[in-house]
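A quick write-up on the structure given underneath.
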Amino acid sequence: MMEHVPIAHVLMVTSTMFFIGAYGFLTRRNLVTMLIGVELMLNAVNINFVIFDRYVYPDQIEGHFFALFIIAIAAAEAAVAIAIFINLYRNIRSIDVEEVDKMKY
Amino acid sequence: MATSAIIFYTIAGIMIIFSLLAVTSRRILRAAVYLLFALAGTAALYFMLDYQFLAAVQLIVYAGGIVVLIIFSILLTTHINEKLEKPAWGKVFITATLVLGGLMLTLFVLTNHEFVLGTEPTAEATVSVIGERLLGYQAGGYVLPFEVISILLLAAMIGAIVIAKRNSTKS
Amino acid sequence: MSYVLLILALPLSVFVVNGLLSGNLPHRLAGWLATGSMGIATVLAWLTAYNYFFQSSSYEKIIPFRITWLRFTETLQIDMGILLDPISVMMLVVITTISLMVFLYSMGYMQGEKGFVRYFSFLSLFSFSMLGLVVATNLFQLYMFWELVGVSSYLLIGYCYDKPEAVAAAKKAFIVTRFADFGFLVGILLLSYYTGTFDFTEITNPENAAVAGMTGISFMGLSVLTWALILIFMGGAGKSAMFPLHIWLPDAMEGPTPVSALIHAATMVVAGVFLVARMFPVFSFHAPEALDAVAFIGAFTLLFAAIIACTQTDIKRILAFSTMSQIGYMMLALGVSGYGSEGLGFTASMFHLFTHAFFKALLFLGAGSIIHALHKNDIREMGNLRKHQPVTHIVFLIACLAIAGIPPFAGFFSKDEILSAAFASNPIYFGVAALAAALTAFYMFRLYFLVFWNNERTYEHTPHESPVIMLIPMIVLAIGSVFAGFIPFGNFVSSDNQPLHTHLNVTIAIISVMVALLGITVAWIFYKKESSLSEQLSNTFGALYHAAVQKFFIDELYLFITKKIIFNLISRPIAWFDKHIIDAFMDFTATVTNWVSKEIKGLQSGQLQHYAYIFLSGVLLIVLVMIFTNT
């Protein structure tokens, strides 16, 4: 269905999405919103795998499997991250990233 | 312009706009919902690429799983009405410069690079093919990563429970 | 003849078993395990000797077992193997037999001691190493077993590790022999560097061009080969307690007496003699100067140790100096020997090694029997023991007669051959050897008369005869000391493995018996009854006597050199340099590191987003560099 869209355009969309995610990760102070940024970045990369698979090696579906596994790992990562946030919140009553600096030097 | 192209650019626009909203919105619950739209746009993209199974997984795991998890954690850790404070101007400025610079660099590379596209007939990604590949142990089979991922998920599950568990020594 | 491997394997396995289970094994079981294994090894060794000497007419070098252990180059490799030739077979018999006797004796002597199992484990380790040493196929294997022997000697001297003198003696023995082994190692490396091999069969082959080629390269007036051999002999001199590396042997008597009998009398200390004998063709063909050095050192030690032995009062130290003196005989005989039909000295040396093992082990076991009964070592506090220990008295007398060289005891025959060889070479050596023979007879019978005759002393409790298990080995060795001399030794062991027909040289025999009898008579006059004659004599020779009692101040000389010269003039400046220059440099780097880390620790803000900024900028920078340098 995507014959009429050049690969470069799709990649531009994903890179934009990636850098928007990076922006979110760098500016937000709430850890949950930082996690949203991370998810965006991860998603952008995931799309890239699929796109390269479809455009450059259409006879294979390896990129698709990469995407599948990344989704699984993202799910695991999100679960652990949120468990950490909840524990953090319970301990210091805050999930502000700037207050989590106990482990410096 | 073909219909598919129009559909793609629409989806792309939705994805980028909602991504932007997700990282800038000051209401945290809304941010999570905007993320959900961005992820759903990705699923639509997968549908367009004829990867129905992957699209379904994207919807179920991301939209159904991760976003719900995020929303739960938001509900547990913040007040619904609370607005996030605005990030400092200096911080926004530096970050925007850095991010835009990176984006420019990437776009520069993308526009200047000649992609060699494959011309072979497109491979079918039906559920049966995916299933056989995922559990195949011959060449091209993914049974080992599949099992490793299973263990990783199990470990993450146990880890999440252990970390989030209320400390038993505290009342 | 692959069962020879078993002779080595048995003591090794006993060492492992006893060593690992030392806490859990009953004493009797551990003792009989070690003794039984040694018994089997002894039977196998005698079987080997029978097969080797009587089942084949020519005494070729046989290698029944060999594996390559380390390969360096095409020719240079280290093997582990077993080499059988007349001297190694003879040594196998001697070591296993004496070991068996000592093991048996120790069962009685060490009964009830703390660390009984450990003792047998170390003793087995020693037997294994010594057997491995004599059957070594190459210099490097010999060197390794040589060090193993040194270690087990160290362990056994320091057996009573809660006694400070024993610990000091063990350290002294180890350090002195280790110092000598350094020379040995350098010698081995020199030799292998030029010949490209460690293998005895190749090195001792008289036609070997590489060895002969070494004589052409000269260094400080002597050929490189001579230097290598002198260095190798240095190792041998250390192990065999030759002057001036002898200082450890008298102190080594701190070990249990059976250990002294086995290690410091019969087997380990003759390793140096064995080494020279092993390398004898090289010495004889290519480096007569090195052989002269062997002869000189041997003769000097012979007389030197005999003089000291006359003045000592500790029963074991007398025997220790006697051992040094007898090994001096062996070295002298090797040094004056020729090759082939001229090789009387070689045969005599090996013969004396063989007979000496019997009577010297017997002397030590007898001394052990006395010490076991009296719990003291000083012969001035002994006397009239023949009433209390009749069996010990008889066997001790046999051993004394054998070492003094009275016919028909074993020592007479071997000493006669040595005297003949010395006479044929150089009358001075003959004179030294004959004088030492008289001194030997004198000091042995001084010991004998003082201990077994003289006046009755007051003992804390009445001395008793030793248990049967200690008497049996002594009786067996006494039989050996009587009859070993009748073996036609030249038929079996000679420098070129061809039978050498030796005959009794009557003139020399008469002279040697005369001087021995003279020595005995003097001792009889002086010491049979308590008399003041000996004191008058020692007063006459005042300075000499005093010097001999103090062992000619060699220990003090060593202490002077190490403490005053090496420590003060070399070690202290080096220590200062280490403390003030090297340590200061290290301190400086540490201080700088400390300061820098204090200054830059602010970079570790703990703020996650700072790290992310730096990370992202870094990635972008690297990408930028990659893009604009590659395209």
Among C:MET91, C:SER425, C:ALA399 the positive-end extreme of the charge dipole of chain C (Cβ point charges): C:ALA399
Unit charges at the beta carbon, dipole of segment A:7-104: most positive-side option, A:PHE66, A:ALA79, A:MET12: A:ALA79
Distance between segment B:42-67 and segment C:317-393 - C-alpha centres, whole angstrom: 98 Å
Test item: Cα-centred dipole of chain B, Lys/Arg +1 and Asp/Glu -1 on Cβ, debye: 1140 debye
Alpha carbon centroid spacing (whole Å) that separates segment C:230-303 from segment A:60-90: 77 Å
HN-Hα J in Hz across segment C:374-379 - Karplus 6.51, -1.76, 1.60, θ = phi - 60°, x for Gly and Pro: 9, 6, 8, 10, 7, 6
Environment charge at C:HIS27 (Cβ cut-off 14 Å; Lys +1, Arg +1, Asp -1, Glu -1): +2
At most 15 other Cβ within 10 Å, DSSP loop - chymotrypsin sites (Phe, Trp or Tyr not before Pro), segment C:1-102: C:TYR3, C:PHE72
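Taking square-rooted eigenvalues a ≥ b ≥ c of the alpha carbon gyration tensor, is segment B:1-81 rounded, prolate or oblate, where a/c under 1.5 means rounded and, failing that, a/b exceeding b/c means prolate?
oblate
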Gaussian network model of chain B, springs between alpha carbon atoms under 10 Å - residue of B:GLY13, B:GLY118, B:GLY41 with greatest fluctuation: B:GLY118
Vicinal HN-Hα couplings computed from phi for segment A:40-56 (Karplus, 6.51 cos²θ - 1.76 cosθ + 1.60; Hz; Gly/Pro x): 4, 4, 4, 5, 4, 4, 4, 4, 4, 4, 5, 5, 4, 4, 5, 8, 8
Net charge of neighbours whose Cβ lies under 14 Å from the Cβ of B:LEU45, counting Lys and Arg as +1 and Asp and Glu as -1: -1
Cα centre as origin, Lys/Arg/Asp/Glu Cβ charges: the protein assembly as shown dipole, Debye: 2660 debye
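For every helix of n ≥ 4 consecutive DSSP H residues, a contribution of -39,500 (n - 2.57) applies; sum these over the protein assembly as shown, divide by its total residues, and give [θ] at 222 nm rounded to the nearest 500 deg cm²/dmol.
Computed ellipticity for the protein assembly as shown at 222 nm equals -23000 deg cm²/dmol.
Counting other Cβ atoms within 10 Å of each Cβ, which GluC sites (Glu not before Pro) in segment C:381-467 have at most 13 and sit in a DSSP loop? Please report the intermediate quantities before stating the final value.
Numbers: sites: C:GLU381, C:GLU417, C:GLU456, C:GLU460, C:GLU465; in loops: C:GLU456, C:GLU460, C:GLU465.
Listed in order of number, the matching sites are C:GLU456, C:GLU460.
How large is the accessible surface per residue of segment B:1-81, computed with a 1.4 Å probe and reported in Å² as a whole number? Walk me through the intermediate numbers first.
Values: 3530 Å² over 81 residues.
Ligands and nucleic acids excluded, the figure is 44 Å² per residue.
Within chain B, which is the longest segment containing none of the chymotrypsin sites (Phe, Trp or Tyr not before Pro) that sit in a DSSP loop and have at most 14 other Cβ atoms within 10 Å?
Working: sites that count: B:PHE115, B:TYR137.
Result, exposed sites excluded: B:1-114.
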Cα-centre dipole for segment C:41-194 with unit charges at Cβ (Lys and Arg positive, Asp and Glu negative), debye to 20: 260 debye
Chains B and A together, accessible area buried on both sides, 1.4 angstrom probe, square angstrom: 7100 Å²
C-alpha long axis of helix C:139-157 to longest principal axis of chain C, angle in °: 70 degrees
Whole-percent carbon and sulfur share, accessible surface of segment B:55-169, 1.4 Å: 72 percent
Distant-in-sequence amide H partners of C:PHE65 (H built 1.01 Å from N, under 5 Å): C:ILE82
Unit charges at the beta carbon, dipole of the protein assembly as shown: most positive-side option, C:THR591, C:ALA367, A:VAL45: C:THR591
For chain B: rounded, prolate or oblate by the Cα gyration tensor [a/c cutoff 1.5]: oblate
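Counting Lys +1, Arg +1, Asp -1, Glu -1, what net charge surrounds C:GLU74 among other residues with beta carbon under 15 Å of its beta carbon?
Details: positive: C:ARG71; negative: C:ASP79, C:ASP199, C:GLU202.
Result for the neighbourhood of C:GLU74: -2.
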Residues with amide H under 5 Å from that of B:GLY136, placed H, sequence gap 5 or more: B:TYR142, B:VAL143
Relative contact order (%) - criterion: Cα under 8 Å, at least six apart; region: segment C:1-67: 51 percent
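Rounded, prolate or oblate: which fits segment C:449-569 when a ≥ b ≥ c are the square roots of the eigenvalues of the alpha-carbon gyration tensor, with rounded for a/c under 1.5 and prolate only if a/b beats b/c? Walk me through the numbers on the way to the answer.
Working: a/c = 1.59, a/b = 1.20, b/c = 1.32.
Judged from the Cα gyration tensor, segment C:449-569 comes out oblate (a/c at least 1.5, b/c at or above a/b).
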Alpha-carbon centroid distance for the pair segment C:182-200 / segment C:4-36, whole angstrom: 35 Å
Within chain C, longest stretch free of exposed trypsin sites (Lys or Arg not before Pro) [DSSP loop, at most 16 other beta carbons within 10 Å]: C:115-375
Under Karplus coefficients 6.51, -1.76 and 1.60, residue-wise ³J(HN,Hα) of segment B:13-25 in Hz, glycine/proline x: x, 4, 4, 5, 5, 6, 4, 4, 4, 4, 8, 10, 4
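Below 8 Å between Cα atoms, with a sequence gap of 6+, how large is the relative contact order for chain C in percent?
12 percent
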Residues with amide H under 5 Å from that of C:ASN138, placed H, sequence gap 5 or more: C:PHE200
Carbon/sulfur fraction of accessible area - segment A:1-54, other protein chains in place, 1.4 Å, %: 74 percent
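Loop only by DSSP, 13 or fewer other Cβ within 10 Å of the Cβ. Give me the chymotrypsin sites (Phe, Trp or Tyr not before Pro) in segment C:508-585 that pass, ordered by residue number.
Numbers: sites: C:TRP524, C:PHE526, C:TYR527, C:PHE541, C:TYR545, C:PHE552, C:PHE553, C:TYR558, C:PHE560, C:PHE567, C:TRP576, C:PHE577, C:PHE585; in loops: C:PHE541.
Within segment C:508-585, the qualifying chymotrypsin sites (Phe, Trp or Tyr not before Pro) (loop, at most 13 other Cβ atoms within 10 Å) are C:PHE541.
The values are calculated or read from the model by the stated rules, or taken from the named source; none is laboratory data. Keep in mind that what you see is a predicted model, and the values were worked out from it rather than measured. Here Cβ is always computed from backbone atoms with ideal geometry, including for glycine, and neighbour counts include all displayed protein chains. Side chains are part of the model used for accessible areas, which takes the heavy atoms of the whole protein and leaves out ligands, DNA and RNA. Shrake-Rupley method; radii C 1.70, N 1.55, O 1.52, S 1.80 Å.
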